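Read the structure below first, then the notes.
The values are calculated or read from the model by the stated rules, or taken from the named source; none is laboratory data. Note that the structure is a prediction, hence the values are computed from the model and not measured. Cβ atoms come from the backbone with ideal geometry, glycine included; neighbour counts cover every protein chain shown. We work out accessible area using only protein heavy atoms, side chains counted, and drop any ligands, DNA or RNA first. Shrake-Rupley method; radii C 1.70, N 1.55, O 1.52, S 1.80 Å.
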Amino acid sequence: MTGRPTDGLLDDARGIQDDLVRLRRTLHARPEVGLDLPHTQEAVLRGLDGLGLEITTGRRLSSVTAVVRGARPGPTVLLRGDMDALPVAERTGLDFASDNGAMHACGHDLHTAMLVGAARLLAFHRNRLAGDVVLMFQPGEEGYDGARHMLEEGVLDVSGARPVAAYALHVTASGRPSGRFSARGGPTMAAVDNLSVTVRGAGGHGAMPHTAKDPVPVACEMIVAMQTRVTRAFDVFDPVVVTTGSFHAGTQNNIIPDTAVFETTVRTFSPEARARAERSLAEVCRGVAAAHGVEAEVRWRPLYPVTVNDPGEVDTVARAVAELFGEDGYETLPRPMTGSEDFSRVVDEVPGAMVFLGATPPGADPGTAPDNHSPLADFDESVLGAGAAVYAALAVGRLHATPTPPIRPARPDDE
C-alpha cells in the first residue's frame, strides 16, 4: 500500500452517508433508555451483518461488542459508541421524531450510526489493519454506568489483547460549528456524584409554625449554604459545580410536612476536590440541621470519575482529523467541560481520548441553538460520514503507528 493509511476512508464514508442517515433515523424514532435496549441492539446487529466480525452481546445489558481482525498481527484499539436515549419528551417536530416519551436528545443515535459506519469501513479496509479493532456499542451511559458493566463483562479483553488506545466521539447540538472536531489533553469532563439529603422535622399547621419543626426552610438554607461553601472553601482553579435539580416536600400549602428531600449533583475535576466535596457538603447539611434542631440524613452516591484524556492520544486525534479534513477541521478545547461521561472508566484503564464533534443544525447559530438534553435538541446529520471516517482513521492510524513486537528468532536450545 502506498500513500497514507487513511487515504480513501473519507470518500468511502461519504459513499455510505445515506445508509447512516437511514440507520440514525430508525434509532431516533424508537429510542430506548437505560441498559436494556433490545430494538437498538437488533438494529446494530443488522448493521453489522455480513461484515465478517466476531460479535458478542452482553449478558446483563443489551451491549454489542464486535472485533475486526486485521490482515496483519499487531495490538488492539477500541472504539466506543453509546446507544441509549434520555427520558425526555421530544419537541423537535422532525418527521422521524420519537413519540414514546424518550428522546435521543444527546446524539447517541448519531454515535451508534457512525460506529456502524466505521465497522463497514474497517471491514472493507481490513488489509490496512496491523492489529485488531474492538467496537464497543454501549447502553446505559446516561446515568446507568453501562461502561462499568461492559468492563466487568470483559470488553477490554475480548480481542485477546488489552487495547493500547481507546477513543469515543460525542456530538454537540450547539457550541461549535458543524463538522469541527475538538479535544484536549488532561481532565476533559467532570466527575459526577449524587448527594441526596432528607431533612426530618415535625409537621404541623401552617398557621402555627412555632409548634412544628419545619424542614422546608432548613432544606432551602442547606442548598444556599452549599453554594457558599463551594465559593469560599474550594480553589476556583479546581472547580466544584453543585446543582440541586430535585426538591420534594409537603402535600398542601397550609400543612408543614415532616420531611423535605432534595437531590444534588456535584461535579469536580480532581480526586482531591471530589473527596473534599463529599466531606464538606455533608458537613454543611448536618451543621445547618443541627442549628435548627432537626435531623439530616445525608447520602453520597459516587457516579462517574473524571474523564482524563491522554495527551499522546489527543495528538493522534489531531493528526487523524488533519489528514482527512485539513488543519481547520480540528481545534483544541480551551477548557474542560462540566458534563460527565462513563467513558471515563475506559480511559482509567487504557490511554484514550474523548473527542467532540460539532453538529449544530444547518442555519442555526451555535451560540443559541438548543443544547444536548433539550427536548428541542437537533443535530446535523451531514456529520455522520465524517464521524465514521474519523473513527476508522483513528483505528487505522493508531495501529499503523504502533510497532509490532519483533518475533524472537528461535535458538538451538528452544528446540
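Odds and ends about this structure:
- Against the compact-protein benchmark of 2.2 N^0.38 Å, the Cα-based radius of gyration of the stretch 126-272 scales to 1.59.
- Angle between the chain longest axis and helix 17-29 axis [Cα atoms, degrees, rounded to 10]: 30
- The percentage of C-alpha pairs in the stretch 264-415 whose separation is greater than 22 Å is 63%.
- Counting only protein heavy atoms and using a 1.4 Å probe, the accessible area of Tyr144 comes to about 100 Å².
- Given in Å, the Rg to one decimal and the Dmax to the nearest whole number for the Cα atoms of the stretch 346-389 are 13.6, 40.
- Only helices enter the 222 nm calculation for the chain: every DSSP H run of n ≥ 4 contributes -39,500 (n - 2.57), and dividing by all residues gives -10000 deg cm²/dmol, rounded to 500.
- Highest-MSF residue in the chain out of Ala364, Ala392, Ala291 [GNM, Cα springs under 10 Å]: Ala291
- In this structure the stretch 20-99 gives 45 Å² per residue of accessible area when probed at 1.4 Å with all protein chains present.
- Over the stretch 67-159: Rg over Rh, Cα atoms, Kirkwood Rh: 1.08
- The stretch 24-95: trypsin sites (Lys or Arg not before Pro) in DSSP coil with no more than 10 other Cβ atoms inside 10 Å: Arg59
- The angle between the Cα long axis of helix 271-291 and the main principal axis of the chain comes to about 20°, on a 0 to 90 degree scale.
- In units of the compact-protein estimate 2.2 N^0.38 Å, the stretch 225-283 shows a Cα radius of gyration of 1.41.
- From the coordinates of this entry, Rg and Dmax of the Cα atoms in Å is computed, and it appears in (1) 19.6, 60; (2) 21.6, 80; (3) 24.3, 97 under the label (3).
- Cα radius of gyration and Dmax for the stretch 196-337 (Å): 21.6, 73
- Between Thr228 and Leu303, the modelled labels are 2.7 nm apart [label points 7 Å from Cα along Cα→Cβ].
- Ellipsoid fit via the Cα gyration tensor, the stretch 325-376: semi-axes of 25, 17, 10 Å, each the root of five times an eigenvalue, largest first.
- Between helix 215-233 and the chain there is an angle of about 50 degrees, using the helix long axis and the longest principal axis of the Cα atoms.
- Gyration tensor (alpha-carbon) shape descriptor, the stretch 109-195, a/c threshold 1.5: oblate
- Cα-based convex hull, the stretch 1-113, per residue volume (Å³, whole number): 132
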